[in-house]
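Participant: Right, I'll just put the structure down here and ask away after.
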Amino acid sequence: MDHFLYKNGALHAEDVPLAEIAAAVGTPFYVYSTATLLRHFKLFDDALNWADDHLVCFAMKSASNQAILKLLGDAGAGMDVVSGGEYARARAAGIPGDRIVFSGVGKTRDEMRQALNGGIRQFNVESEPEMRVLSEIATSLDVIAPITIRVNPDVDAKTNEKIATGRKGDKFGIPISRAREVYAMAASLPGLKVIGIDVHIGSQLTDLEPFRAAYEKVANLTKMLREEGHEITRLDLGGGLGIPYARSNLAPPLPSDYGKLIQETVGHLGCEIEIEPGRLVSGNAGMLVAQTIYIKEGEDRKFLIIDAAMNDLIRPAMYGAHHDIVPIIEPTPGMELATYDIVGPICESGDTFAKHRELPAIKEGELVGFRSAGAYGAVMSSEYNTRPLIPEVLVQGDQFAVIRPRPTFDDIINRDTIPEWL
Ligand code: LLP
């Protein structure tokens, strides 16, 4: 459930008509609902209530505006970060270091130093070379780096090829078959304290079975490592629970079902449980709102040309992803329908959001909204075609605030430097 509903004939974010925001900030823009963000975070938090100790670390790669981080942080969330930039953002938003976990296959020495100096809950280490470097950096700073080791359980998450991460050919984690020797090596290195196991098998999973398969392997590994003398006290079980992108689709499992599955598979081990959800927290908490520029008659189709483009929301072009696209004026029963290819202004055919999409007939100048755009939307946008990054707006009840303004053309072009010798 989200808080983007039609009221009095107009689509609202909570109690604010989207048309009112459009009039204030211009189009296109991203808009997020605080109530939805908090609701989704709480669903995960409650789903792990059975565990004595747990932390929901929001995967901030899905939506990293500091206002969103502060909102979730104040509600008790930790953060899963994957770069020095994300670490700095989380800290700037007030997230304490002991609630930040650092993931990713390519952490640099600078990033390790930054997190060790600033405070970190744990590094999720993904390889032996990374482990050696972290040991060296921690030793040089005279601190101990708490680590889990990410294992690759060789489980197919049955999701989009580009976002599956737990099969043996994927670049993530260490092969679970080599876990014994890698944990032994970690235990022998100075500056590291091994506290647990990490696993993340992919994103947009709509079935719990791959999670079950992976978590059962983690449970067996925990037992084996404990027998070897390692103290395994924390399990980081990653993110990945999917959302319904098309209202017509079957809804994926609920966070409560996912929480039960975690309890069934690893609950008996008495470990502290961490999870790293991104999309399910932020996805349906955000929409992209755009304006129709032209409706163009093609040879065999109508093109709805809007002012948002693939640089603003790249998911359809990059993953062939579906987003429900809806008019901002509530369709009335029996209203005329039309079929469109919905496209942006960018100079390539890949700049297409949807093909043969049936919508209530739209007029030029009308607003349309993309649902489920809160995750991997604004964060993946670019300035391709020198199009300014679009504003982000946060709504709470009947109030809204711009949480990232639209840059001016000068802001963008003044970043370039023309060398004196040209
Ligand atoms: N933890 C780790 C280590 C991850 O790599 C990810 C996502 C997550 C947690 C959060 O997964 P989520 O709960 O959001 O599924 N850009 C793609 C998605 C990339 C996901 C990358 N990793 C998209 O737009 O679908």
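Participant: For the condition within 19 Å of GLN291 (Cα to Cα), open to solvent by less than 40 Å² (accessible area, probe 1.4 Å), among the small types (Gly, Ala, Ser) and away from the ligand (no atom under 16 Å from the Cβ), what is the one hit in ALA309, ALA378?
Facilitator: When all the criteria are applied, what remains is ALA309.
Participant: Tally the residues that are within 12 Å of the ligand (Cβ to nearest atom) and at negative phi, restricting the search to region 191-230.
Facilitator: 8
Participant: Something else now. Looking at this structure, is GLY239 within 16 Å of the ligand (Cβ to nearest atom), crowded, with 22+ Cβ neighbours inside 10 Å and not in a strand (DSSP E or B)?
Facilitator: Yes.
Participant: Here is a follow-up. Between LYS355, LYS296, LYS260, which is within 27 Å of LYS42 (Cβ to Cβ) and open to solvent by 70 Å² or more (accessible area, probe 1.4 Å)?
Facilitator: Being within 27 Å of LYS42 (Cβ to Cβ) and open to solvent by 70 Å² or more (accessible area, probe 1.4 Å) holds for just one of LYS355, LYS296, LYS260, which is LYS260.
Participant: OK, next. From the set of residues in region 324-347 that are of a type in the set (D, E, K, R) and at pLDDT 95 or above, which is farthest from the ligand (Cβ to nearest atom)?
Facilitator: Among those residues, the one meeting the criterion is GLU330.
Participant: Now for a different question. Among the numbered criteria (1) within 22 Å of GLU231 (Cα to Cα); (2) within 16 Å of the ligand (Cβ to nearest atom); (3) buried (at least 22 other Cβ atoms within 10 Å of the Cβ), which single criterion is violated by ALA115?
Facilitator: (1) is the only condition that ALA115 fails.
Participant: Test ALA321 against the criterion of being small (Gly, Ala, Ser), open to solvent by 10 Å² or more (accessible area, probe 1.4 Å), out of contact with any Cys (no Cβ under 6 Å at 6 or more places or on another chain) and modelled with pLDDT of 95 or more, and give yes or no.
Facilitator: yes
Participant: Looking only at region 222-236, how many residues end up being more than 19 Å from SER188 (Cβ to Cβ) and open to solvent by less than 10 Å² (accessible area, probe 1.4 Å)?
Facilitator: Selection size over region 222-236: 3.
Participant: Looking only at region 215-224, decide whether some residue is outside the structural domain of ARG371 (by TED's automatic domain parsing) and closer than 30 Å to ILE325 by Cβ.
Facilitator: No: zero hits.
Participant: Condition test on ASP142, is it open to solvent by 40 Å² or more (accessible area, probe 1.4 Å), more than 16 Å from the ligand (Cβ to nearest atom), under 30 Å from GLY73 (Cβ atoms) and among the charged types (D, E, K, R)?
Facilitator: Spelling it out, ASP142 is indeed open to solvent by 40 Å² or more (accessible area, probe 1.4 Å), more than 16 Å from the ligand (Cβ to nearest atom), under 30 Å from GLY73 (Cβ atoms) and among the charged types (D, E, K, R).
Participant: Report, by residue number, each residue of region 82-99 that is touching a helix residue (DSSP H, G or I) at 6+ places or on another chain (Cβ under 8 Å) and without any contact (Cβ under 8 Å) to a residue 24 or more places away in the chain.
Facilitator: Residue satisfying the conditions is VAL82 alone.
Participant: Test each condition in (1) free of Cβ contacts under 8 Å to residues at least 24 places away in the same chain; (2) surrounded by fewer than 20 Cβ atoms within 10 Å (Cβ to Cβ) for PHE102 and report the one that comes out false.
Facilitator: (2)
Participant: I've got another one for you. Could you check region 401-422 and list, in sequence order, the residues that are surrounded by fewer than 12 Cβ atoms within 10 Å (Cβ to Cβ) and of a type outside the set (A, V, I, L, M)?
Facilitator: The answer is THR408, PHE409, ASP410, ASN414, ARG415, ASP416, THR417, PRO419, GLU420, TRP421.
Participant: Let me ask something additional. Look through ALA246, ALA251 and report the one residue that is touching a Pro at 6+ places or on another chain (Cβ under 6 Å) and away from the ligand (no atom under 12 Å from the Cβ).
Facilitator: ALA251
Participant: Restricting to region 35-66, count the residues that are away from the ligand (no atom under 16 Å from the Cβ) and crowded, with 22+ Cβ neighbours inside 10 Å.
Facilitator: Residues in region 35-66 being away from the ligand (no atom under 16 Å from the Cβ) and crowded, with 22+ Cβ neighbours inside 10 Å: 0 in total.
The values are calculated or read from the model by the stated rules, or taken from the named source; none is laboratory data. Everything numeric in this text was worked out from a predicted model, so none of it was measured. Note: ideal-geometry Cβ built from the backbone for every residue, glycine included; neighbour counts use all protein chains shown. All accessible areas refer to the heavy atoms of the entire protein, side chains included, with ligands and DNA or RNA removed. Shrake-Rupley method; radii C 1.70, N 1.55, O 1.52, S 1.80 Å.
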